[in-house]
Amino acid sequence: MKDEIIKIGFLIIFASASLVSAGRAAEEWPFLKHYDQAHLAQVALPLGGIGTGTVSLGGRGDLRDWEIMNRPAKGYHPGSPFFAIWLKTADGKTWTRALQGPVEPFQYSGPFGVKDATNPGLPVFRNCSFDAGYPFGRVNLWDPDLPVTVKIKAFNPLVPADVEASAIPIAVLTYEVTNNAEIEMAVSVSGAIQNFIGNDGTKSLASKNRNRFRKGGAVQGIFMSSDGVPKEAEQWGTVALTVPAGEDVTFRTAWLARGWGTSLLDFWDDLSDDGRLNDHSSGEDMPRGSLAVQAKIPPRQKRDFTFYITWHFPNRFAWSAKRLGNFYTTRYGDAWDAAEKTIPRLGRLEAETLDFVRAFCQSDLPEVVKESALFNLSTLRSQTCFQTEDGRFFAWEGCGDKEGCCFGSCTHVWNYEQAIAFLYGTLAKSLREVEFRQQTDDSGLMSFRVKLPLDESHFDKAAADGQMGCIIKVYRDWQLSGDEAMLKSVWPRVKKALEFCWIKEGWDADKDGVMEGCQHNTMDVEYFGPNPQMGLWYLGALRAAERMAVYVRDKAFAETCRTLFEKGSRWIDANLFNGRYYIHKIVPPRDKSNIAPSLLVGMGSTDFANPDYQLGNGCLVDQLVGQLLAHVTNLGYLVKPENVKTTLDSIMKYNFRGSLQDHFNCMRTFALGDEAALLMASYPDGRPANPFPYFTEVMTGFEYTAAIGMLYEGQVENGLRSIAAVRSRYDGLKRNPYDEAECGHHYGRAMISWAAPLALTGFRYSAVDRTLAFAANEGNFFWSNGYAYGTVRLKGSGEKRTAGIKVLKGELAFKSLILNVYGEIKFKTPQILKEGESREFEVPAVKIKAE
């Protein structure tokens with residue numbers, strides 16, 4: 001990789017300093033993107049923890065997509081929840097407004113008036129915009145007719161290397177009100193939420209739901225429960241809407257139970273009268289609970305009004321017929337308990353989240369790289385991902401509008417993402433434990449989809465790319481953690497998983513280092529014959545297995561892996577590289593009997609003499625994904641470096657489209673019109689009659705794969721152009737910047753975007769060898785290894801360079817500090833930097849051969 005970075009300036013918009021409510025950290029939030037009023041329609045920032053579900057803050061300030069009951073719920077806004085503000089100046093003038101911006105014009109028309117917009121009849125602020133980071137978001141509201149401006153500041157704690165702190169079922173909403181008048185103003189901020197327990201947006205079991213006003217040590221507010229929803233139901237649980245204990249609060253546990261709009265009219269009149277609420281009783285099954293906090297704001301001053309939404313829904317089933325539970329609910333008795341335990345430490349949690357986001361955003365990397373990596377972390381907190389009651393991590397591929405999409409922590413999809421290992425190492429190891437110790441049988445077959453519960457049955461089908469990628473990832477996770485016990489516990493199955501390639505009628509039955517057999521893969525079909533995608537996954541697995549075998553002193557197996565790697569690498573370069581890119585040589589099996597049963601999933605061709613759905617001589621966008629993972633894990637080049645570089649040039653030449661206006665697509669449409677994108681495949685030399693299904697599509701995870709490969713090879717301009725093309729499509733108007741879709745919303749593959757910072761910073765860490773490496777580029781950069789994170793400031797040029805390393809979380813130990821290509825410093829004893837410590841090192845110039 002060239003040790004050069006094109007440094008593109010990025011926009012950081014800071015929140016104004018303000019008085020803060022109890023428990024809040026009085027610090028400014030960094031943002032990467034600003035969305036104006038014309039680009040808010042699709043913005044929805046998910047607020048929630050890992051495995052807890054989320055509620056989203058919409059671009060105009062509304063709360064949408066209430067996905068807290070163990071399943072997706074796109075478009076679901078039960079009871080049309082809203083927050084409102086009441087104002088009264090000292091001279092007696094009053095105003096009441098919903099704390100939202102205007103309804104989008106495309107929503108105006110529907111069979112019964114405005115469609116799919118919450119509370120369109122309420123008066124709102126004329127103007128709004130959205131400042132975006134992750135997990136921080138801010139809606140800006142202003143109106144020339146009002147004497148205040150309001151900023152809605154929302155977040156949920158996100159702390160790398162601390163799963164518990166990042167898995168809290170809470171949405172923190174702070175309404176910062178600025179009095180722009182020259183006289184004092186009385187202000188009330190009120191929130192209204194329906195008790196919708198039992199109704200998840202798909203079906204309703206709601207019955208005898210009840211709201212109670214409670215006061216606790218840290219919070220006060222409405223506790224929502226149900227006496228009628230069955231306690232074993234997925235939709236059973238509790239919700240709480242609370243504010244800090246010291247606030248001047250009034251409440252309603254229910255609205256007036258009347259039709260024809262009377263209940264909303266009654267509430268609005270009550271709030272508009274004096275900014276305070278009078279309680280009501282109700283016999284409704286789903287009563288609305290409301291809080292109003294009132295305070296006086298001096299002229300030209302501001303005040304925060306902070307609300308907390310917490311929840312607790314313990315009965316997750318996911319793709320199982322049996323209850324699996326949620327890990328997060330084992331830590332709290334109910335939603336009220338979650339609030340009481342979280343609020344006293346929320347200031348620290350916000351500060352730790354801010355440390356992470358600020359360190360990352362201030363890194364001297366291009367804006368689009370930071371945006372794609374940071375915003376896609378939201379997938380970890382969506383209903384795509386969850387932790388079962390025993391703490392194990394599982395995931396769908398993505399989410400449909402109302403249910404998960406494609407079950408089983410699918411290995412050939414989750415092969416791509418790189419965020420989990422580098423931010424939450426314990427979760428990554430959880431995945432490896434399931435893959436090898438639970439899902440790999442005595443023959444070495446790894447089920448590429450996990451059935452749940454774990455002890456009942458297996459999928460019993462193998463994916464070539466999925467299985468090989470897991471071998472590379474267990475090597476990565478061992479290196480990052482230094483967990484020798486983990487390696488030794490999975491090694492027998494890792495070895496079996498690689499030996500599975502050599503079974504009769506298998507992927508590499510002739511044991512020559514090249515996969516020729518039936519290869520089910522992430523294109524959801526079977527390829528027949530050698531191809532670059534599975535070929536390089538296999539080479540990466542061979543090299544990773546060799547290194548692990550050496551460590552566990554399995555000399556014979558290490559030698560086998562090395563021999564096969566060398567043979568396979570030579571063969572692929574000699575036979576699949578056509579001078580521009582690597583191709584697929586189709587070798588039909590002729591008959592089903594020539595295929596090992598566990599390799600044929602049955603989603604591809606049924607004509608084994610002349611199979612459809614093959615890549616053939618196409619230029620595949622992610623043909624070098626195995627090489628990308630080899631760079632991430634420091635396994636070196638798997639094939640000739642010059643061929644890798646030429647292939648990436650060709651992918652840009654043949655697959656990149658500056659406009660899709662003339663592009664024909666026979667499958668799903670994720671990009672269109674004048675949008676730019678990298679196509680899944682191109683056929684400059686002519687295509688097969690019926691190629692693999694997705695060849696005309698565009699999918700972000702695959703685009704990132706090619707783009708990050710370009711970054712690793714020093715093709716920075718092309719790589720950044722490709723990443724920018726993706727993010728320009730997620731512009732808030734057309735698509736949600738926090739939801740990159742593939743087979744469903746919040747798709748796991750897109751989290752490969754975290755590898756882009758790795759490519760540009762050159763970061764590598766081995767807890768096994770105690771080595772730490774960065775690219776020799778001046779600047780300030782973020783680093784993380786899954787167990788610690790911090791920053792490095794690189795200074796100097798020529799023969800004198802320094803590295804200032806700071807640890808913000810965890811502990812970092814190393815005996816060798818490398819500036820790639822430039823130099824290295826070795827220490828006799830490990831250098832150990834504890835949390836909060838920083839140290840500067842002078843690195844001498846030494847010629848180091850680039851991997």
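Summing charges over neighbours of residue 94, with a neighbour being any other residue whose Cβ is under 12 Å away from its Cβ, gives 0 when K and R count +1 and D and E count -1.
How would you classify region 279-396 from its alpha-carbon gyration tensor, with a ≥ b ≥ c the square roots of the eigenvalues: rounded for a/c under 1.5, else prolate if a/b is greater than b/c, otherwise oblate? List each step's numbers first, then the result.
Working: a/c = 2.12, a/b = 1.01, b/c = 2.09.
Cα axes put region 279-396 in the oblate bin.
Enter the accessible area per residue of the chain (Å², integer; probe 1.4 Å; all protein chains in place).
Working: 28600 Å² over 851 residues.
The answer is 34 Å² per residue.
Of the residues 775, 73, 233, the one whose Cα sits farthest toward the positive end of the charge dipole of the chain, with +1 on the Cβ of Lys and Arg and -1 on the Cβ of Asp and Glu, is 775.
Which whole-number percentage describes the relative contact order of region 320-446, with Cα contacts under 8 Å and a sequence gap of 6 or more?
Relative contact order of region 320-446: 19 percent.
Rounded to the nearest 0.05, the FRET efficiency derived from the C-beta distance between residue 571 and residue 827 at R0 = 35 Å is 0.25.
On full extension, the segment bounded by residue 257 and residue 93 gains 56.0 nm, given 0.36 nm per residue less the C-alpha separation.
With every protein chain in place and a 1.4 angstrom probe, the accessible-area ranking of 787, 582, largest first, reads 787, 582. Note on residue 227 and residue 606: their simple-model spin labels are 5.8 nm apart, each label 7 Å out from Cα toward Cβ. Selection among 728, 261, 630 by position relative to the dipole of the chain gives 630 as farthest towards the positive end (Cβ unit charges, Cα centre).
Once the Cβ-Cβ distance of residue 266 and residue 36 is raised to the sixth power relative to R0 = 30 Å, the FRET efficiency obtained is 0.25. With a ≥ b ≥ c taken as the square roots of the eigenvalues of the C-alpha gyration tensor of region 792-838, please select rounded if a/c is under 1.5 and otherwise prolate if a/b is larger than b/c or oblate if it is not? Oblate. Multiplying the residue separation of residue 659 and residue 551 by 0.36 nm and removing their Cα-Cα distance gives an extension gain of 33.9 nm.
Could you size up the charge dipole of region 462-508 around its Cα centre, putting +1 on the beta carbon of Lys and Arg and -1 on that of Asp and Glu, and report it in debye to the nearest 20?
On the way: 7 positive and 7 negative charges, 24 e Å.
Here the size comes out at about 120 debye.
Across region 304-315, computed HN-Hα scalar couplings (Karplus, 6.51 cos²θ - 1.76 cosθ + 1.60, θ = phi - 60°) run 8, 10, 10, 10, 10, 10, 10, 8, 7, 10, x, 9 Hz from first to last residue, x flagging Gly and Pro.
Which FRET efficiency value, to the nearest 0.05, do you get for residue 437 and residue 769 by plugging their Cβ-Cβ distance into 1/(1 + (r/R0)^6) with R0 = 30 Å?
Details: r = 25 Å, r/R0 = 0.84.
Approximately 0.75, to the nearest 0.05.
Of the residues 704, 845, 529, the one whose Cα sits farthest toward the positive end of the charge dipole of the chain, with +1 on the Cβ of Lys and Arg and -1 on the Cβ of Asp and Glu, is 845. Residues of region 241-274 with an amide N closer than 19 Å to a point placed 7 Å from the Cα of residue 184 along the Cα-to-Cβ direction: 247-249, 274.
Determine the relative contact order of region 216-320: mean sequence separation of Cα pairs under 8 Å and six or more apart, normalised by residue count, in whole percent.
Working: 166 pairs, mean separation 37.1, N = 105.
Relative CO of region 216-320 lands at 35 percent.
Largest first, how would 234, 505 line up by accessible area (1.4 Å probe)? Mind dumping the intermediate values first?
On the way: 234 25, 505 65 Å².
I get 505, 234, largest accessible area first.
Only one item in [x] 41.2; [y] 37.8; [z] 35.2 matches mean projected area of the Cα convex hull in nm² derived from the coordinates shown, and that item is [z]. Using a probe of 1.4 Å on the protein chains alone, the accessible area found for residue 502 is around 40 Å². Tally Lys/Arg at +1 and Asp/Glu at -1 over every other residue whose Cβ is under 11 Å from the Cβ of residue 386; what's the total? Every neighbour counted, the sum reads +3.
A simple spin-label model places pseudo-atoms 7 Å from Cα toward Cβ; at residue 208 and residue 592 they are separated by 5.4 nm.
Ignoring ligands, DNA and RNA, please state the percent of accessible area on the chain from carbon and sulfur, probe 1.4 Å.
Values: 14120 of 28600 Å².
Roughly 49 percent, rounded to a whole number.
A 1.4 Å probe over all protein chains sorts 286, 69 by accessible area into 286, 69, starting with the largest. Label reach from residue 319 (point 7 Å along Cα→C-beta): in region 410-426, amide nitrogens under 19 Å belong to 410-417. Placing +1 on the Cβ of every Lys and Arg and -1 on the Cβ of every Asp and Glu, with nothing else charged, gives region 629-696 a dipole about its Cα centre of roughly 180 debye. Quick one: of 429/451; 153/402; 322/473; 203/231; 322/451; 74/734, which pairs are farther than 20 Å apart, Cα to Cα? Flagged as over cut-off: 153/402; 322/473.
Counting only C-alpha contacts under 8 Å and six or more residues apart, can you give the relative contact order of the chain as a whole percent?
Values: 2183 pairs, mean separation 104.1, N = 851.
For the chain, the relative contact order is 12 percent.
With the simple spin-label model, which puts each label point 7 Å out from Cα in the Cβ direction, the residue 458 to residue 645 separation comes to 4.4 nm. Which of rounded, prolate, oblate describes region 451-523, given a ≥ b ≥ c as roots of the alpha-carbon gyration tensor eigenvalues and a/c under 1.5 marking rounded, otherwise prolate only if a/b is larger than b/c? Oblate.
When +1 charges are put on Lys and Arg Cβ atoms and -1 charges on Asp and Glu Cβ atoms, the dipole computed for the chain relative to its Cα centre reaches about 1240 debye.
The values are calculated or read from the model by the stated rules, or taken from the named source; none is laboratory data. As the structure is a prediction and not an experimental result, all values here were calculated from the model. Glycine gets a Cβ as well: all are built from the backbone with ideal geometry, and neighbour counts include every protein chain shown. The area values use the complete protein model at the heavy-atom level, side chains included, leaving out ligands, DNA and RNA. Shrake-Rupley method; radii C 1.70, N 1.55, O 1.52, S 1.80 Å.
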